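In what follows, a structure is listed as structure tokens, so that the remarks can point back to it.
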Amino acid sequence: MEPHGIFSGTVNILERALNIRAARHDLISANVANSETPDYQAFDLIVEEEMEKVLGKEGQIGLAMTQKKHFPANNVAGSEGLKPKPVVDSKWDKDENGNSVRIEREMANLAENSLMYNALAQIISKKFRGLDDVIKGGR
């Protein structure tokens, strides 16, 4: 069995999910850094939408690129092509400076994203530990 076959499937999906979570962390950090910049529009990465692009409708990674926004099938990094979107939420109006960043929302997003990133990292770590056990013969 070629090594790529061992890591196809779940590990590739987890890797891409980790990359998406890391990209969202960067966006949230940029929002916090610009919380007092006049007319700054907060951005976010909707993780579920980006993962749907990776997984496809049936939960499988598609191999055909039918649009420019799709992830290439041979791209294991998975973070290219991510498109941050302006946050549009009527609950969070712009302040007097035209800034739409709300620190409370960003900190909540950061906490949620960190928890999800850590959970994904633990899952992938357990996958590798399982492979290590198999290689060592269960010793």
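Quick one: in the stretch 96-110, of everything that is part of a loop (DSSP other than H, G, I, E, B), in contact (Cβ under 8 Å) with a residue 60 or more places away in the chain and not β-branched (Val, Ile, Thr), which residue is surrounded by the most Cβ atoms within 10 Å (Cβ to Cβ)? Outline the logic, then answer.
First pass over the stretch 96-110, keeping only residues part of a loop (DSSP other than H, G, I, E, B): 96-102.
Now narrow it down to the ones that are in contact (Cβ under 8 Å) with a residue 60 or more places away in the chain: 97-102.
Okay, now just the ones that are also not β-branched (Val, Ile, Thr), so 97-100, 102.
Details: Asn97: 11, Gly98: 11, Asn99: 18, Ser100: 21, Arg102: 19.
That would be Ser100.
If you go through the stretch 12-30 and keep only what is closer than 14 Å to Ala111 by Cα and polar (S, T, N, Q), you end up with just Ser29. For the stretch 34-50, which positions are of a type in the set (A, V, I, L, M) and in contact with a helix residue (DSSP H, G or I) (Cβ under 6 Å, 6 or more places away or on another chain)? If the condition is that a residue be of a type in the set (A, V, I, L, M) and in contact with a helix residue (DSSP H, G or I) (Cβ under 6 Å, 6 or more places away or on another chain), then Ala42, Leu45, Val47 are the ones that fit.
Okay, residues lined up against (1) aliphatic (A, V, I, L, M); (2) modelled with pLDDT under 85:
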site: Glu15; (1), (2): no, no
site: Ala22; (1), (2): yes, no
site: Asn31; (1), (2): no, no
site: Ser35; (1), (2): no, no
site: Glu49; (1), (2): no, yes
site: Glu52; (1), (2): no, yes
site: Glu58; (1), (2): no, yes
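Is it the case, given these coordinates, that Ile103 is modelled with pLDDT of 90 or more and among the hydrophobic types (A, V, I, L, M, F, W, C)? The answer is yes for Ile103.
The values are calculated or read from the model by the stated rules, or taken from the named source; none is laboratory data. Quick caveat: nothing in here was measured; it's all calculated off a predicted structure. All Cβ positions, glycine included, derive from the backbone under ideal geometry; neighbour counts span all protein chains shown.
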